[in-house]
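Colleague: Could you have a look at this structure, given as structure tokens, before my questions?
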Amino acid sequence: MKWNLRLAAANRGIWNASELQRMLAEHGLVISAGKMSGLWSGEPASIKLDDLNIICAVLGCGVEELLIAEPEKVKRVDDAQGEQAATAVSGGPPVVPKRKDGRSLPPT
């Protein structure tokens, strides 16, 4: 996914992060200067859906304008390679879930 906040804001005449930050605060979303900088100039690692909703309301846009799908960047891994990769990453046998009461599960 590509984060497109800066262009979406510019299309509405909002040219700097502090102006958008003020507008968001008027709608109840108070964002620190550091987090606003990350939203404005980079790609956030995560964003709350409620925050995204307020950003869309302030900008008068839809989520599809802020988040642009990039399906060409998704790589397909066949099932055999996926299982091998999962085992290699964990460094051992697959993890077996345990019961909540602490008792072990019967053998398979």
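Colleague: Could you give log10 I(q)/I(0) at q = 0.12, 0.29 Å⁻¹ for the range 2-60, computed by the Debye formula over C-alpha point scatterers of equal weight, without solvent?
Modeller: -0.23, -1.66
Colleague: Is the shape of the chain best called rounded, prolate or oblate, per the rule: a/c under 1.5 gives rounded, else a/b larger than b/c gives prolate, else oblate, with a ≥ b ≥ c the square roots of the Cα gyration tensor eigenvalues?
Modeller: Numbers: a/c = 3.47, a/b = 2.16, b/c = 1.61.
Since a/c reaches 1.5 and a/b is larger than b/c, the shape of the chain is classed as prolate.
Colleague: Could you give the length gained by full extension between Lys48 and Met1, i.e. 0.36 nm per residue of separation minus their alpha carbon distance, to one decimal place?
Modeller: So the chain would gain 15.4 nm between Lys48 and Met1.
Colleague: Let me know the charge dipole size of the chain about its Cα centre in debye, to the nearest 20, where only the beta-carbon of Lys, Arg (+1) and Asp, Glu (-1) is charged. Mind showing how you got there, number by number?
Modeller: Numbers: 13 positive and 13 negative charges, 81 e Å.
The dipole magnitude comes to about 380 debye.
Colleague: Excluding Leu29 itself, calculate the net charge of residues whose Cβ lies under 12 Å from the Cβ of Leu29, where each Lys or Arg counts +1 and each Asp or Glu counts -1. It would help to have the intermediate numbers written out before the result.
Modeller: Details: positive: Arg22, Lys35, Lys48; negative: Glu26, Asp50, Asp51.
Neighbourhood net charge equals 0.
Here, each number is a calculation from the coordinates, and none is a lab measurement. Note that the coordinates shown come from a computational prediction; the quantities given were computed from them, not determined experimentally. All Cβ positions, glycine included, derive from the backbone under ideal geometry; neighbour counts span all protein chains shown.
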